[in-house]
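> Input: one structure, supplied below.
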Amino acid sequence: MGASTAYYLARNGVRDVVLLEREPMLGMGSTGRNAGGVRHQFSSKANVKLSIESIRLFERFAEEVGYEIDFHQDGYLFLLSDEKDLSDFQRNVEMQRRLGVEVEVLTPNEARTLAPGLEVGGVIGATFCARDGIADPNGVTMGFAKAAQAAGVEICRETEVIGIRTEAARVTEVETTRGTISARTVVNAAGPYARDIGKMVGLEVPVFPYRRHIFITETIMPRSGAPGSKIMVIDFETTFYFHREGPGILFGMSDPDEPSSYNSTVSWEFLEKVTRTAVKRLPALAEAGIAHAWAGLYEMTPDAMPIIGPAQVEGMFIVAGFSGHGFQHSPSAGRALAEIIINGEARDFDMTPFSFDRFSRSSHESEANVV
């Protein structure tokens with residue numbers, strides 16, 4: 001989010017921009033630990049619109065931004081085992097189609113044909129969008145960052161924000177471990193740490209960190225009963241998902257019993273729980289060894305919708321709380337926020353569903369398709 005926003009600010013002529021990164025390299029936090037999924041299939045119309053723009057940018061990233069990325073559009077396949085979920089997804093498909101997205105509703109057998117080795121016991125329907133896929137988080141982040149730097153943006157690594165000063169309810173300076181930066185505009189793009197940054201100016205930003213795991217198996221050949229393509233398969237009822245990653249299979253699942261925390265260590269006990277679910281959908285995983293494993297942090301809001309736009313302190317902006325789909329929305333979110341900073345509004349987007357003050361309203365849009 002930070003790299004994208006900096007890129008779009010510079011592209012629109014605002015080049016006196018500093019991007020602060022606490023770690024030695026960009027993308028070492030949640031960005032570098034996600035599965036790389038990119039999809040149109042959301043329940044919120046506002047999120048689908050973010051996806052439409054972002055996926056178009058991923059498809060022509062080299063032409064637009066100037067750097068090659070790895071992007072495989074082998075589709076997202078949602079497996080549905082509950083009548084209400086199927087009804088909700090069918091309604092979502094109608095909305096997605098009205099927005100110009102080509103999405104199919106499939107039978108269990110049709111779903112199995114798309115993903116060889118898949119077991120569909122208990123599945124009553126599925127949805128599939130062929131233009132969904134898997135992109136490269138590091139390539140996208142570095143592409144935005146390098147293009148921003150080329151346009152004059154300064155990137156400071158190993159620089160932690162330790163305070164933000166205000167005067168007359170307006171931001172004036174950012175204090176870092178390497179000195180103070182005078183700034184009348186500050187963007188909080190700290191992901192799961194956005195709440196901590198908000199507290200520096202007296203704001204309660206409702207973004208909470210939750211641990212999520214990813215496991216990658218040793219080699220599983222397609223002939224052993226696993227897809228050869230990078231199709232992303234999601235068992236919506238259990239949240240178990242998988243896709244091919246090199247010679248192995250990448251998989252994960254959310255844990256409803258996981259409390260909010262900054263814990264990003266791997267729980268091998270949780271692998272046992274995931275495996276019991278995983279082998280029911282992809283039996284080839286039963287005998288596969290684990291080659292790699294890591295954990296990262298989701299940045300969850302109460303309604304699973306991001307916060308994009310101004311906060312309640314003048315000069316303070318937020319782009320955080322994407323609830324597991326931040327990487328894939330970085331192009332459109334960064335572009336929208338840059339335009340809000342420069343012009344006061346975003347072209348072609350109604351930003352009301354993403355506003356910081358929506359939590360004080362009695363009703364607002366929410367996102368149901370969170371994995």
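> Only one residue in Ala278, Ala291, Ala284, Ala304 is assigned to a loop (DSSP other than H, G, I, E, B) and of a type outside the set (Val, Ile, Thr). Which one?
Of the residues listed, the single one that is assigned to a loop (DSSP other than H, G, I, E, B) and of a type outside the set (Val, Ile, Thr) is Ala304.
> If you check Arg178, Arg212, which single one turns out to be without any contact (Cβ under 8 Å) to a residue 24 or more places away in the chain and of a type outside the set (Gly, Ala, Ser)?
Every option except Arg178 fails the conditions.
> Which residue pairs have Cβ atoms closer than 8 Å, lie 6 or more positions apart in sequence or on different chains, and pair a first residue in region 154-173 that is more than 21 Å from Ala3 (Cβ to Cβ) and charged (D, E, K, R) with a second residue that is modelled with pLDDT of 95 or more and outside any strand (DSSP E or B)?
Matching pairs, first to second residue: Arg170/Arg184; Arg170/Val313; Arg170/Gly315; Glu173/Ala183.
> I need a count of the residues in region 181-209 that are free of Cβ contacts under 8 Å to residues at least 12 places away in the same chain and touching a strand residue (DSSP E or B) at 6+ places or on another chain (Cβ under 6 Å).
The number of residues fulfilling the criteria is 1.
> Restricting attention to region 307-336, which residues are part of a strand (DSSP E or B) and either out of contact with any helix residue (DSSP H, G or I) (no Cβ under 9 Å at 6 or more places or on another chain) or open to solvent by 10 Å² or more (accessible area, probe 1.4 Å) (or both)?
Selection gives Pro310, Glu314, Phe317.
> Select from region 25-44 the residues that are among the hydrophobic types (A, V, I, L, M, F, W, C) and open to solvent by 10 Å² or more (accessible area, probe 1.4 Å) and list them in ascending order.
Once the filter is applied, which keeps residues that are among the hydrophobic types (A, V, I, L, M, F, W, C) and open to solvent by 10 Å² or more (accessible area, probe 1.4 Å), region 25-44 yields Met25, Leu26, Met28, Ala35.
> Given the residues Arg56, Arg22, which is the only one that is at pLDDT 95 or above, under 20 Å from Asn188 (Cβ atoms) and open to solvent by 10 Å² or more (accessible area, probe 1.4 Å)?
Of Arg56, Arg22, the one residue that is at pLDDT 95 or above, under 20 Å from Asn188 (Cβ atoms) and open to solvent by 10 Å² or more (accessible area, probe 1.4 Å) is Arg22.
> How about region 59-81: which of its residues are touching a helix residue (DSSP H, G or I) at 6+ places or on another chain (Cβ under 7 Å), under 18 Å from Met142 (Cβ atoms) and of a type outside the set (Val, Ile, Thr)?
Phe61, Glu64, Gly66, Tyr67, Glu68, Asp70, Phe71, listed by residue number.
> Being in a strand (DSSP E or B) and either small (Gly, Ala, Ser) or open to solvent by 70 Å² or more (accessible area, probe 1.4 Å) (or both) is the filter here; which residues of region 96-145 pass it?
Correct list: Glu104, Gly125, Ala126, Gly133, Ala135.
The values are calculated or read from the model by the stated rules, or taken from the named source; none is laboratory data. No experiment lies behind these values; they were computed from the predicted model shown. A quick note on method: Cβ atoms are made from the backbone with ideal geometry, for glycine too, and the neighbour counts reach across all protein chains shown. Surface areas here come from the heavy atoms of the whole protein model, side chains and all, with no ligands, DNA or RNA. Shrake-Rupley method; radii C 1.70, N 1.55, O 1.52, S 1.80 Å.
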